[in-house]
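The structure appears right after this line, and notes come after that.
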Amino acid sequence: MSGKPTGDELVLIADAQQGDKGAFSELVRRHHRGVISVVYRMCGDADLAEDAAQEAFIRAWQHLPGYRPRSPFRNWLYRIAMNAAYDALRREHETVDPETVVLVSPEADPAAAMEQREREERVRQALRAMPPASREVIVLREYEGLSYREIADTLDIPVGTVMSRLNYARRWLRQALIETMEDL
Amino acid sequence: VTVHALSDRLGPYLDGELAESQARRVEAHLAACSRCRAELQEISTLSALLVEGAGPGLQVPTERFVAQVTQHLPSRPVWPVWRQALELGWQAAPWTILGGWAFAQAVLLVSGVIVTAFAMIPEIGDAIGWAPSAPGSGWPSQLTGLLVRAGLAAAAGGATDVFGVVAAWGWLPLVNLALLALVTLAYWSWLASWWARRCARTAVNGSG
């Protein structure tokens, strides 16, 4: 998953570059969860995230001929997804309706469900309040599990910058979520 | 939240991103520093909180999402303008290289014949009024005058002395050689890139 595209994915990319929508649909099928997850964590809003994820794939299709399989296709998609998420946030600017956020896990105990919902809301708000450069490294590391090298490749920044941004982001989040962390 | 000596290494340590020697250094420090141990615990708790507090995430039915994306796709991917220009340039490169080389050869051949003729038979220059003593205006006639002067200078050592002409025009074959080397280099570079492309395409088709 972390390397350059190989085997049938390379064939799908080559076919899609020639305009084969079926091949591209298969690529969407394979990568949509990751892309949706990235934009969702970046936007914090379900509707916004779904639209941004669709937009990301449409942009990927448009720019696919420019993709060279030197770096993983997934990282290339995530870079586009990040930009799509930023654009969606800029367009919508504070349109988050907490009622529409699909973050609640099904809980049998109403009190536990309430507590979990409150925790999720705090995390979501903290993520949304973070500086964008910190948010993107945290999302890619904590939610997508990318290595520092992969994050560097996705964001087109040096590994040292990834490290320093992650350190800053974690300090920032620890301060923002200190009360929530004490509850754990 | 505290910042301590190895504070910046704790996150990468937890993520397994440190080199072995660095990780051992951090472990040695952690064994002796309660403050850094506490900080490491905080980072670990934060990671757990982020995952736990993220909830189940956004679940979108795969086929619906794929259908929506496919429905909105333009008919064909759009190649960026720079890519189109690059591709066109790449396709035209061998013809440009060969054409440029043929043109340069023609220029060198014709100018070589003219200059040698002037050098060996100075009367020609006198007859057409391009003698070095009366150079015309404008760069073509000035250039011709220069060539004629050089030819006459060579001829002064003996109008029919071929070695004199060669000595005077020794740079012509040198220029030609340099040009040939440049053209060969450019052509082989193009061939190498063509071969690399062909191999990549074969790999893609072969892996299917």
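The values are calculated or read from the model by the stated rules, or taken from the named source; none is laboratory data. The structure presented is a predicted model; accordingly, all values stated were derived computationally and were not measured. FYI the Cβ positions are ideal-geometry reconstructions off the backbone, even for glycines, and counts take in every protein chain you see. In case anyone asks, the SASA skips ligands and DNA or RNA and just uses the protein heavy atoms, side chains included. Shrake-Rupley method; radii C 1.70, N 1.55, O 1.52, S 1.80 Å.
Looking at region A:96-108, can you tell me whether even one residue there is open to solvent by less than 40 Å² (accessible area, probe 1.4 Å), hydroxyl-bearing (Ser, Thr, Tyr), in a loop (DSSP other than H, G, I, E, B) and modelled with pLDDT of 90 or more?
no
Given the options B:22, B:59, name the one that is open to solvent by 60 Å² or more (accessible area, probe 1.4 Å) and within 8 Å of chain A (Cβ to nearest Cβ).
B:59
Restricting attention to region B:172-187, report how many residues are farther than 16 Å from residue B:107 by Cα and exposed (fewer than 11 other Cβ atoms within 10 Å of the Cβ).
1
Among (1) touching an Asp or Glu at 6+ places or on another chain (Cβ under 9 Å); (2) more than 7 Å from chain A (Cβ to nearest Cβ), which single condition is residue B:47 missing?
Going through (1) touching an Asp or Glu at 6+ places or on another chain (Cβ under 9 Å); (2) more than 7 Å from chain A (Cβ to nearest Cβ) one by one, residue B:47 breaks only (2).
Taking the conditions exactly as written (out of contact with any strand residue (DSSP E or B) (no Cβ under 8 Å at 6 or more places or on another chain), within 30 Å of residue A:112 (Cβ to Cβ) and free of Cβ contacts under 8 Å to residues at least 60 places away in the same chain), does residue B:48 satisfy them or not? Give the derivation first.
Numbers: out of contact with any strand residue (DSSP E or B) (no Cβ under 8 Å at 6 or more places or on another chain): yes; within 30 Å of residue A:112 (Cβ to Cβ): yes; free of Cβ contacts under 8 Å to residues at least 60 places away in the same chain: yes.
Taking the combined requirement at face value, the residue satisfies it.
Being closer than 19 Å to residue A:149 by Cα, open to solvent by 30 Å² or more (accessible area, probe 1.4 Å) and either of a type in the set (Val, Ile, Thr) or touching an Asp or Glu at 6+ places or on another chain (Cβ under 9 Å) (or both) is true for just one of A:79, A:41, A:68. Which residue is that?
On the way: A:41 fails: closer than 19 Å to residue A:149 by Cα; A:68 fails: either of a type in the set (Val, Ile, Thr) or touching an Asp or Glu at 6+ places or on another chain (Cβ under 9 Å) (or both).
The unique qualifying residue is A:79.
Is there any pair with a first residue in region A:16-31 that is at the interface with chain B (Cβ under 10 Å from one of its Cβ atoms) and in contact (Cβ under 8 Å) with a residue 60 or more places away in the chain and a second that is among the aliphatic types (A, V, I, L, M) and open to solvent by 10 Å² or more (accessible area, probe 1.4 Å) whose Cβ atoms are under 6 Å apart and which are 6 or more apart or on different chains, and what are they?
Short answer, once both residue conditions are applied: none.
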